[in-house]
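*Asks:* Mind looking over this structure? Questions follow.
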Amino acid sequence: MLDNHLSFQVHQDMTAPLSHYFIYTGHNSYLTGNQLSSDCSDVPIIKALKRGVRGIELDIWPNSKKDDVLVLHGRTLTTPVSLIQCLRSIKEYAFSTSPYPVIITLEDHLTPDLRAKVAEMVTQTFGEMLFYPESNVLVEFPSPEVLKHRIILSTKPPKEYLESQRDQDKGNKSRRYQHKGNKSQRYQDKGNKSQRYQEKGNNSQKIKDLSDEDLGRKEVSDPTGESESTDDKSDCDPQDDEEMDESYCDSHPVGAPEYKCLITIPAGKPKGGMKMALKVEPDKVRRLSLSEQALENATESRGTEVVRFTQKNILRVYPKGTRVTSSNYKPLLGWMHGAQMVAFNMQGYGKSLWLMHGMFRSNGGCGFVKKPDFLMRVDPHTGVFDPNVNLPVKKTLKVRVYMGNGWRLDFSQTHFDTYSPPDFYTRVGIAGVPADSKMKETKTKEDEWNPVWEEEFTFPLTVPELALLRIEVYEHDMHDDDFGGQMCLPVSELRPGIRAVPLCNRKGEKYKSVKLLVKFEYV
């Protein structure tokens, strides 16, 4: 019996561009709970980094005096935390688990003056740890290996905000921007609502000003999936933010970089709908952000275009705004189409997050998992990978569940049943492409703290590279089955043989003693 069911070493090639990897990514990384009223803190950021998360998202807003920068979920009742506190914690814990780069995604709602202050904060806090390109236009992203122990920024270049301000000063273009629904004026205007939401005392006014759009319901009603919710305002402006002034950074001394020059992964969604959003430029790379629903719509009508886009560029997917309880969505759709940054509420828990934990147990848990080769190829006959096409079985996994133990040590005698030992059963299955996804379960063993099942399950896999093995134990109850533990493992890294597999609680934390004795075999 062996505990080493997975490799605990980084073993994949780490010298390819960032776009060739799935990246362990958080959403609203500063929230301690729900999306509307929980506290903002650096504590969940620290927890995420210790777990190996490599993508940290910060929403940055002016404080009430507009002389400092806060991190909070705008237009909600969340209590803010200072940006500098978050940056210092990132610096301290960034590489506590993994040496590979941390990507800070900024959702920017600042004035130009405060952006300059952020640039100063970032450069002074991170110093030599901060990586940014000598030229502000990258033809290809650097590799995780090159970026070891480095911090990089990803956000929308601020040119449109600066141009909007200049246009207002000249007085000749402001009406056109307002007609198009441009939001930059609203963020810069002295009557900006963010001040109202950041004041702690006026809760009734805050509640009054929460609209359907503020909760992300706007994107839910969007039938095309081509407009993003206000949950990610930095990426949803209708202007063509890819038209960047390439001489801007070259005209500024390297020793005093401006905010715009610090952006390694530029974000933005060009005007022209999803077709233009997925356009691959030969001479530059960028990041595109889509809500989970927008991704669903895009993959239904333009699935192969999404895959082609992600071969060179970075696609970030984020939860729809109506997930106010910090729940998550199924991550497989994004991974099947090559999306690198499938962003999750790490404090949300639940089965979707178990899959996220499972995927990033790969490659030694370093937070970067090399995408399968078929997602990076363009076949001259078949084009790019299409997850909806029926494929032949490539590998078959057999899983034999022998027995389980440890519950008596980790749980009280009456935790499951007051008057008798528990009645355990195990669910075993695959999460992956639709053809591979299925769940099976053992018989229930009654009145046993150390149940013995001796049952085998067979899983034919068409795309084993994206398959995750799900193992869940429950205690049968007449009314509602009790949770007894779970584990999710990447099939591609399972070591054949008889293994002792530790189980985790709902939050993904390993129990001290609970394990299953399982045999893995490939045929």
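The values are calculated or read from the model by the stated rules, or taken from the named source; none is laboratory data. All values derive from a computational prediction rather than experimental measurement. Cβ atoms come from the backbone with ideal geometry, glycine included; neighbour counts cover every protein chain shown. Quick note on the areas: whole protein, heavy atoms, side chains included, nothing else; ligands and nucleic acids left out. Shrake-Rupley method; radii C 1.70, N 1.55, O 1.52, S 1.80 Å.
*Asks:* Hey, could you check the stretch 51-66 for residues that are assigned to a loop (DSSP other than H, G, I, E, B) and open to solvent by less than 30 Å² (accessible area, probe 1.4 Å) and say which is farthest from His109 (Cα to Cα)?
*Replies:* Within the stretch 51-66, the first condition is being assigned to a loop (DSSP other than H, G, I, E, B), and the residues that meet it are 52-54, 63-66.
Then keep just the ones that are open to solvent by less than 30 Å² (accessible area, probe 1.4 Å); that gives 52-54, 63.
Numbers: Gly52: 28, Val53: 24, Arg54: 23, Asn63: 11 Å.
Looking at residues that are assigned to a loop (DSSP other than H, G, I, E, B) and open to solvent by less than 30 Å² (accessible area, probe 1.4 Å), I get Gly52.
*Asks:* Please enumerate the residues belonging to the stretch 277-291 that are part of a loop (DSSP other than H, G, I, E, B), aliphatic (A, V, I, L, M) and either in contact (Cβ under 8 Å) with a residue 40 or more places away in the chain or surrounded by fewer than 19 Cβ atoms within 10 Å (Cβ to Cβ) (or both). Walk me through how you get there before you give the answer.
*Replies:* As a first pass, look at the stretch 277-291 and keep what is part of a loop (DSSP other than H, G, I, E, B): 278-286.
From what is left, the residues that are aliphatic (A, V, I, L, M) are 278, 280, 285.
Result: Val280, Val285.
*Asks:* Considering only residues that are in a strand (DSSP E or B), loosely packed, with under 15 Cβ neighbours inside 10 Å and in contact (Cβ under 8 Å) with a residue 60 or more places away in the chain, which ones fall in the stretch 507-518?
*Replies:* Across the stretch 507-518, the qualifying residues are Lys512, Ser513.
*Asks:* While we're looking at this one, here's another question. Taking the stretch 1-50 as the search range and keeping residues that are modelled with pLDDT of 95 or more, surrounded by fewer than 16 Cβ atoms within 10 Å (Cβ to Cβ) and charged (D, E, K, R), which one is nearest to Met403 (Cα to Cα)?
*Replies:* Lys50
*Asks:* Every residue in the stretch 392-437 that is modelled with pLDDT of 95 or more, over 22 Å from Glu521 (Cα atoms) and among the charged types (D, E, K, R), please.
*Replies:* Within the stretch 392-437, Arg408, Asp410, Asp423 meet the criteria.
*Asks:* Could you check the stretch 67-80 and list, in sequence order, the residues that are more than 21 Å from Pro112 (Cα to Cα) and either open to solvent by less than 10 Å² (accessible area, probe 1.4 Å) or among the hydroxyl-bearing types (Ser, Thr, Tyr) (or both)?
*Replies:* Across the stretch 67-80, the qualifying residues are Thr76, Thr78, Thr79.
*Asks:* Related question: Restricting to the stretch 335-349, count the residues that are open to solvent by 10 Å² or more (accessible area, probe 1.4 Å) and either farther than 17 Å from Val317 by Cβ or in a strand (DSSP E or B) (or both). Reasoning before the result, please.
*Replies:* Of the stretch 335-349, the ones open to solvent by 10 Å² or more (accessible area, probe 1.4 Å) are 336, 346-349.
Still in the running and either farther than 17 Å from Val317 by Cβ or in a strand (DSSP E or B) (or both): 347, 349.
So the answer is 2.
*Asks:* So, one more: Considering only residues that are of a type in the set (Ser, Thr, Tyr) and touching a strand residue (DSSP E or B) at 6+ places or on another chain (Cβ under 7 Å), which ones fall in the stretch 304-325?
*Replies:* Thr304, Tyr318
*Asks:* Among the listed residues Ser326, Ser352, identify the single one that is open to solvent by less than 10 Å² (accessible area, probe 1.4 Å), within 22 Å of the chain's Cα centre (by Cα), modelled with pLDDT of 95 or more and polar (S, T, N, Q).
*Replies:* Details: Ser352 fails: open to solvent by less than 10 Å² (accessible area, probe 1.4 Å).
From the options Ser326, Ser352, the qualifying one is Ser326.
*Asks:* Let me ask something else. Look through the stretch 485-498, keep the residues that are out of contact with any Asp or Glu (no Cβ under 7 Å at 6 or more places or on another chain) and farther than 24 Å from Ala48 by Cβ, and return whichever of them is surrounded by the fewest Cβ atoms within 10 Å (Cβ to Cβ).
*Replies:* Arg495
*Asks:* Answer with yes or no whether Ala339 is more than 24 Å from Lys50 (Cα to Cα) and either aliphatic (A, V, I, L, M) or touching a strand residue (DSSP E or B) at 6+ places or on another chain (Cβ under 8 Å) (or both).
*Replies:* On the way: more than 24 Å from Lys50 (Cα to Cα): no; either aliphatic (A, V, I, L, M) or touching a strand residue (DSSP E or B) at 6+ places or on another chain (Cβ under 8 Å) (or both): yes.
So Ala339 fails the test.
*Asks:* Among the residues of the stretch 114-145, write down those that are over 30 Å from Val280 (Cα atoms) and either in a strand (DSSP E or B) or free of Cβ contacts under 8 Å to residues at least 12 places away in the same chain (or both).
*Replies:* Glu120, Gln124, Gly127, Glu128
*Asks:* Please identify the pairs in which a residue from the stretch 292-308 that is over 18 Å from Gln340 (Cβ atoms) has its Cβ atom under 7 Å from the Cβ atom of a residue that is outside any helix (DSSP H, G or I), counting only partners at least 6 apart or on another chain.
*Replies:* Gln293/Gly225; Gln293/Lys320; Asn297/Thr224; Asn297/Gly225
*Asks:* Also: Mind telling me which of the residues Phe368, Phe309 ends up being buried (at least 24 other Cβ atoms within 10 Å of the Cβ), at pLDDT 95 or above and farther than 26 Å from Val491 by Cβ?
*Replies:* None of the other options fit; the residue is Phe309.
*Asks:* Further, regarding this structure: When you scan the stretch 495-506, do you find a residue that is touching a residue at least 40 places away in the same chain (Cβ under 8 Å) and not in a strand (DSSP E or B), even just one?
*Replies:* Yes - at least one qualifying residue is present in the stretch 495-506.
*Asks:* Any residue at all in the stretch 404-412 that's closer than 30 Å to Tyr21 by Cα and touching a Lys or Arg at 6+ places or on another chain (Cβ under 8 Å)?
*Replies:* no
*Asks:* Residues in the stretch 88-105: is at least one closer than 30 Å to Lys284 by Cβ, part of a loop (DSSP other than H, G, I, E, B), touching an Asp or Glu at 6+ places or on another chain (Cβ under 9 Å) and aromatic (Phe, Trp, Tyr)?
*Replies:* Within the stretch 88-105 (the criterion being closer than 30 Å to Lys284 by Cβ, part of a loop (DSSP other than H, G, I, E, B), touching an Asp or Glu at 6+ places or on another chain (Cβ under 9 Å) and aromatic (Phe, Trp, Tyr)), the answer is yes, since at least one residue qualifies.
*Asks:* Within the stretch 472-484, which residues are open to solvent by less than 20 Å² (accessible area, probe 1.4 Å) and touching a residue at least 60 places away in the same chain (Cβ under 8 Å)?
*Replies:* Matches in the stretch 472-484: Val473, Gly484.
*Asks:* Return yes when Val324 is touching a helix residue (DSSP H, G or I) at 6+ places or on another chain (Cβ under 6 Å) and either acidic (Asp, Glu) or farther than 28 Å from Pro99 by Cα (or both) and no when it is not.
*Replies:* Taking the combined requirement at face value, the residue does not satisfy it.
*Asks:* In the stretch 66-114, what residues are farther than 29 Å from Val324 by Cβ and at pLDDT below 95?
*Replies:* Pro112, Asp113
Yes or no, residue by residue, for (1) part of a helix (DSSP H, G or I); (2) under 15 Å from the mean Cα position of the chain (by Cα); (3) under 27 Å from Lys445 (Cα atoms):
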{"position": "Met356", "(1), (2), (3)": "yes, yes, no"}
{"position": "Phe374", "(1), (2), (3)": "yes, no, no"}
{"position": "Asn388", "(1), (2), (3)": "no, no, no"}
{"position": "Thr396", "(1), (2), (3)": "no, no, no"}
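*Asks:* Something else now. Of the residues in the stretch 95-120, how many are of a type in the set (Gly, Ala, Ser), touching a Lys or Arg at 6+ places or on another chain (Cβ under 9 Å) and open to solvent by 10 Å² or more (accessible area, probe 1.4 Å)?
*Replies:* 1
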